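Engineer: Questions regarding the structure given below will be posed in turn.
The values are calculated or read from the model by the stated rules, or taken from the named source; none is laboratory data. Note that the structure is predicted; figures quoted are calculated from it, not measured. As a convention, Cβ positions derive from the backbone with ideal geometry for all residues, glycine included, and neighbour counts pool all protein chains shown.
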Amino acid sequence: MGSARASPESSREGRVPPRPKLTSKWGKVDLAPPAPKRNEHSLWSRLGFLLTWLNGVEHKADIAVVGGGFGGALMAMVARRLGRSVVLIERGTHPRFAIGESSTPLASLLLQQLAEEHDLPQLLPFRRWGEWQREYPGIGCGLKRGFSFFHHTLGQAFSDDERRRNQLLVAASPRDEVADTHWFRADFDAHFANEAQRLGVEYFDQTELTSVDEQSDGVTLAGRRNGEPVTFRADFVIDATGPRGWLHRTLGLAKRELPLMPATSGLFAHFKNVGAWPNPAGAPYPVESAAVHHVFDGGWVWVLRFNNGITSAGVAATRQRADELGLAEGVLGWQRLLAKLPTLAEQFAAAEPVDGFVFAPELSFCSGQITGERWAMLPSSAGFVDPLLSTGFPLTLLGIQRLAKLLGGGIDRAEYERRTVAELGQVSRLVGALYASMGDFELFAALTQVYFAAVSFSETAHRLGKPELAESFLLCDHPEFGPATREICESVVRLSKRDETLAKIRDVIEPFNVAGLADPAKHNWYPAVANDLFAAAAKLGSSADKIREMLLREQLL
Ligand SMILES: Cc1cc2nc3c(=O)[nH]c(=O)nc-3n(C[C@H](O)[C@H](O)[C@H](O)COP(=O)(O)OP(=O)(O)OC[C@H]3O[C@@H](n4cnc5c(N)ncnc54)[C@H](O)[C@@H]3O)c2cc1C
């Protein structure tokens, strides 16, 4: 069994220290430009040589992307397709462990849109389980047919009644072929970094940047690669290094408070030999082919299965609950948690962590500034709320879409900053309200319907070619849905007027409910049924025929 590892960096989460280097095949080996014809006796050439020796080689590009995870690599590919020269700078090497694995229908659609808009057909198979299995069988993947929630009372075995009051199953797709996926990030990110290089992105791994110097005509980044000094000169820098990332720390930026979100900590690992969670007869999809959430008062556990024998599992909990459980102690904290969740303990009885636990003392974060004259952070560097509801990927992909527009002059920095902050804020309110209701599963399940209504409405509107109906994540900019969601979340966190809030949730989501949600007759099981969409066509300003046409075109029927 492994033990907790904490990062030496102040409040940054304790990431898994770099694994033994497996390969540096994505590292750019030939860094030196062709040898200049130098007059050995010229003073200038000697001075030039001295400067190069002191500062290392300077690499020039239109765009420098810092952070070579899938977000940075995809941003780099899109910038290349926009005709820019790009350097992609990564501190570590691929393949490497990364957390954040579960995709969603909206994230899959955003990935598809980016691939289509920017002529990246090689990325299309990653939008769906079936295509992925055929085209990239060697890249680890999990089948995600929906979102499964089970509510536990600490210290008791999981149990439920005939009305299924302790579970919620929301299908995201009607069958495996078109289902969403969990991305096994070691394989997935390595593949994306490789693809970026195939498009002409210059990739520098094992590069630790130490300074940034923003001038009127460009930005200079300096650091060391394999112990040697190296500098990069770019017109614009995009930070894709994750929360509390490189620019936030190097520029000494302030933090921004995330509304309604309690302080939380996380503990997670990859496991092998994880047992099965029982699959109830008649469930709308196999409950484990999903993002599985085990919710308890003050926290929740995720379980994501991959097709390579690995299961990703972890817990996110309020600081108070995390301290009570001693999560900072890694494996001991995990064992204490399982002792209070006996049914989950059975599932993990034979499980072994593959590479030790990571403890993240402070999960949520938001940078006080996310753009500058010549730089911008991806949403995944600008902030992070919680793994709950898998909001990280859609926010990252929306950010890449918007930065592509920003590079083309379609939107300005202020608009990018406003939208990113507004969306992180709305996620924070909703997740904060979900934390406040983790002890009251009826309220928790009702609140999740706000999320499911917003994302299913948005996905369908985009697939129908009506993006103007759903321009912001969780419809946070929508004049009615946005403010109403904020009010609901505030009243949940204030613990006021519970029954009125439940009624309000039903009213608020009704005009956006295209997926047959919030229906008491379904007893918390929501299959993906095309008839629900046909019946809700008018809410999208469409018709059942148009929706059928779209479903056939997208191979979803
Ligand atoms: C516990 C947890 C669970 C999550 N679960 C989900 C989920 O299920 N679904 C979901 O949608 N989102 C989830 N997320 C969010 C998700 O992880 C992010 O949205 C996603 O990782 C963003 O990818 P990225 O490539 O932009 O950044 P990252 O994955 O953070 O990659 C950043 C890269 O930058 C590199 N780097 C860091 N510092 C430097 C530096 N100074 N110089 C150069 N390179 C550097 C790192 O080595 C790394 O390769 C989760 C997050 C956490 C913390």
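Engineer: (1) within 15 Å of the ligand (Cβ to nearest atom); (2) of a type in the set (G, A, S); (3) within 20 Å of P286 (Cα to Cα): which one isn't true of S173, the others all being true?
Structural biologist: Just one mismatch for S173, condition (1).
Engineer: Please go through segment 382-435 and give me each residue that is in a loop (DSSP other than H, G, I, E, B) and more than 11 Å from the ligand (Cβ to nearest atom), ordered by number.
Structural biologist: G408, G409, G410, I411, D412
Engineer: Go through segment 455-484 and give me each residue that's within 22 Å of the chain's Cα centre (by Cα) and closer than 22 Å to E417 by Cβ.
Structural biologist: Passing the criteria: S458, P467, A470, E471, S472, F473, L474, L475, C476, D477, G482.
Engineer: Now for a different question. For segment 156-205, give me the residue count where each residue is in a loop (DSSP other than H, G, I, E, B), over 28 Å from D355 (Cα atoms) and of a type in the set (A, V, I, L, M, F, W, C).
Structural biologist: Number satisfying all stated conditions: 6.
Engineer: With A240, A234 as the choices, which residue is aliphatic (A, V, I, L, M) and within 17 Å of the chain's Cα centre (by Cα)?
Structural biologist: That would be A240, the only listed residue that is aliphatic (A, V, I, L, M) and within 17 Å of the chain's Cα centre (by Cα).
Engineer: Take the residues of segment 465-492 that are surrounded by 21 or more Cβ atoms within 10 Å (Cβ to Cβ) and not aromatic (F, W, Y): which is farthest from P259 (Cα to Cα)?
Structural biologist: Among those residues, the one meeting the criterion is A470.
Engineer: Identify, from the list R321, R374, R305, the residue that is of a type in the set (K, R), touching a His at 6+ places or on another chain (Cβ under 8 Å) and either at pLDDT below 95 or at negative phi (or both).
Structural biologist: From the options R321, R374, R305, the qualifying one is R305.
Engineer: Right, here's the next one. Conditions first: (1) within 10 Å of the ligand (Cβ to nearest atom); (2) among the β-branched types (V, I, T); (3) outside the structural domain of V87 (by TED's automatic domain parsing). T210 passes all but one, so which condition is the exception?
Structural biologist: Condition (3) is where T210 drops out.
Engineer: If I filter segment 206-227 for residues that are part of a strand (DSSP E or B), hydroxyl-bearing (S, T, Y) and under 20 Å from L407 (Cβ atoms), do I get at least one hit?
Structural biologist: yes
Engineer: Separate question: Among L260, L251, L267, L169, which is at positive phi and in contact (Cβ under 8 Å) with a residue 24 or more places away in the chain?
Structural biologist: L260
Engineer: I'd like to verify a number: residues in segment 124-140 that are assigned to a loop (DSSP other than H, G, I, E, B) and under 19 Å from the mean Cα position of the chain (by Cα), how many?
Structural biologist: The number of residues fulfilling the criteria is 3.
Engineer: Let me ask you something else. Residues to consider are L143, L109, L88, L114; find the one that is surrounded by fewer than 24 Cβ atoms within 10 Å (Cβ to Cβ), touching a residue at least 60 places away in the same chain (Cβ under 8 Å) and either assigned to a strand (DSSP E or B) or over 20 Å from the mean Cα position of the chain (by Cα) (or both).
Structural biologist: From the options L143, L109, L88, L114, the qualifying one is L143.
Engineer: I'd like the residue in segment 188-207 that is over 22 Å from R249 (Cβ atoms) and within 11 Å of the ligand (Cβ to nearest atom) and, out of all such residues, is surrounded by the fewest Cβ atoms within 10 Å (Cβ to Cβ).
Structural biologist: The extreme case among them is A190.
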